[in-house]
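FYI, it's all coordinate maths here, none of it is from the lab. The structure displayed is predicted, hence computed values, not measured ones. For neighbour counting, all protein chains shown are included, and Cβ atoms are generated from backbone atoms with ideal geometry for every residue, glycine included.
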Amino acid sequence: MDYQSILENIYREIKPFEKEGRQASYIPALANVNPDQFGVFLSTLSGEEYSLGNYDTKFSIQSISKVFSLAICLSVMEQDELWTRIGKEPSGSAFNSLVQLEYEHGKPRNPFINAGALVMADILISKLENPQEFYIAFLRELCGNDAVSYSPEVASSEQGCSYLNASIAYLLKHHGNLHNDVNDVLHFYCMMCSVEMSCKDLSRAFLAFARSSEPFNHAGVSLSVSKVKRINAIMQTCGFYDEAGDFSFLVGLPGKSGVGGGIVAIYPSKYSIAVWSPRLNEKGNSIMGMKALELFTTETSESIF
Ligand code: GLU
């Protein structure tokens, strides 16, 4: 397959949409990002790599971090134990919604909404001696880039205005689903979201999830084939907030987005692809990224469906 020409064609096709949407600004530091950037990086399990545009520019991974947290959580605890604290159904609501959490008595719908990720941050603080270092070392090994780190500026910018996430955390605490200090959990959550990676880093890192027929063993994180299958299943059903159905319908791959404008998707046993463009739609997903992936699976006829 001539993936490089396909990526170039796609870029031409999506160019007319390049001024649609705006970058996230509710986290003040993200408002400073130049919105007019687009990058894509494709890594295949057979070792080929293809790229275009700003594929090597670092950006804030934001909610893509939730996939890494889930992988670590599943390696440090039994699945049944995790699923007593977090559900595994799509939420159909915004990533930072409080409503569902209230009427479901403090059990988040899934690990990929903020409530679920706050519970995962709490678990990692309880289970790991040095959660921050463990997390960064894991990401560095996954993508093979020792320069990967978090942005103290973005982390503190988010924590300084984390009113909704703090409300979610206190509601979780009220229901006994948060064991550590709320500020410690928020601090670690914001740090994980503020990690900066490029499309190249993310695509390489997610190859480990695409390699789904083999056990996962990276930087002390060990997962059985069955656990990797479940992570990919949750990406498929819950990876795009209340747009998960549309992503599945239009793209047909498991994936995860973040409000930094990044999206990563995998084709199990075949490839991993990361796209980035900061302008978002009203659901918080990258407009150019969504379009690029829709065209990619259409023009390659490669989706899981
Ligand atoms: N750090 C962001 C927040 O909590 C993550 C949101 C996202 O990327 O979906 O609002």
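Odds and ends about this structure:
- For the stretch 70-131, GluC sites (Glu not before Pro) are listed when DSSP marks them as loop and at most 15 other Cβ atoms sit within 10 Å of their Cβ; the list is GLU78, GLU104, GLU129.
- Long-range amide H partners of MET197 with built H, under 5 Å: PHE59, ILE61
- The percentage of C-alpha pairs in the chain whose separation is greater than 37 Å is 8%.
- Helix 3-14 and the long axis of the chain differ in direction by around 80°, with both axes built from C-alpha atoms.
- In sequence order, the stretch 243-254 has phi-based couplings of 10, 4, x, 5, 5, 4, 5, 7, 9, x, 9, x Hz under the Karplus curve 6.51 cos²θ - 1.76 cosθ + 1.60, θ = phi - 60°, and Gly or Pro positions carry x.
- In order through the stretch 201-209: 3J(HN,Hα) via Karplus (6.51 cos²θ - 1.76 cosθ + 1.60), integer Hz, x for Gly, Pro: 4, 5, 4, 5, 5, 7, 4, 4, 7
- Checking every one of the trypsin sites (Lys or Arg not before Pro) in the stretch 215-263 against DSSP loop status and a limit of 12 other Cβ atoms within 10 Å picks out no site at all.
- Close amide H partners of ARG109, meaning residues 5 or more places away or on another chain with modelled amide H under 5 Å apart, are GLY87.
- Angle in degrees between helix 287-300 and the longest Cα principal axis of the chain, rounded to the nearest 10: 60 degrees
- Global form of the stretch 26-84, assessed from the alpha-carbon gyration tensor, a/c cut-off 1.5: oblate
- Working note: 222 nm ellipticity from helices only, DSSP H runs with n ≥ 4, each -39,500 (n - 2.57), summed and divided by the residues of the chain, gives -14000 deg cm²/dmol to the nearest 500.
- Crossing angle, helix 182-193 versus the chain [Cα axis fit, 0-90 degrees, rounded to tens]: 10 degrees
- Near TYR55, the amide H atoms lying under 5 Å from its own belong to VAL40; only residues 5 or more places off or on other chains count, and H is placed 1.01 Å from N.
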